[in-house]
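A short write-up of the structure that comes next.
The values are calculated or read from the model by the stated rules, or taken from the named source; none is laboratory data. Since the model is a prediction, treat every value here as computed from it, not as a measurement. Cβ atoms come from the backbone with ideal geometry, glycine included; neighbour counts cover every protein chain shown.
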Amino acid sequence: MSEQEKKIMETCGKLVPLLTEVEKEKFLSFTEGMAFLTARLTCDSAPERK
């Protein structure tokens, strides 16, 4: 894990306990959406197999 990835995890770890349950649901939805789009873009940019 890179230093930047560790910093992201640390920052999110500090943030989550401060959120309300509704904010946690919104944050989770946002991060799941980012993961979905990233996976989709990664698959779309891969060369086609024949």
List, please: which pairs have Cβ atoms under 7 Å, are six or more places apart or on different chains, and start with a residue in the stretch 16-36 that is in a helix (DSSP H, G or I) and modelled with pLDDT of 95 or more and end with one that is charged (D, E, K, R) and surrounded by 12 or more Cβ atoms within 10 Å (Cβ to Cβ)? Val16/Lys24
Can you pull out the residues in the stretch 10-37 that are among the aliphatic types (A, V, I, L, M) and surrounded by 10 or more Cβ atoms within 10 Å (Cβ to Cβ)? Leu15, Val16, Leu19, Leu28, Met34, Ala35, Leu37
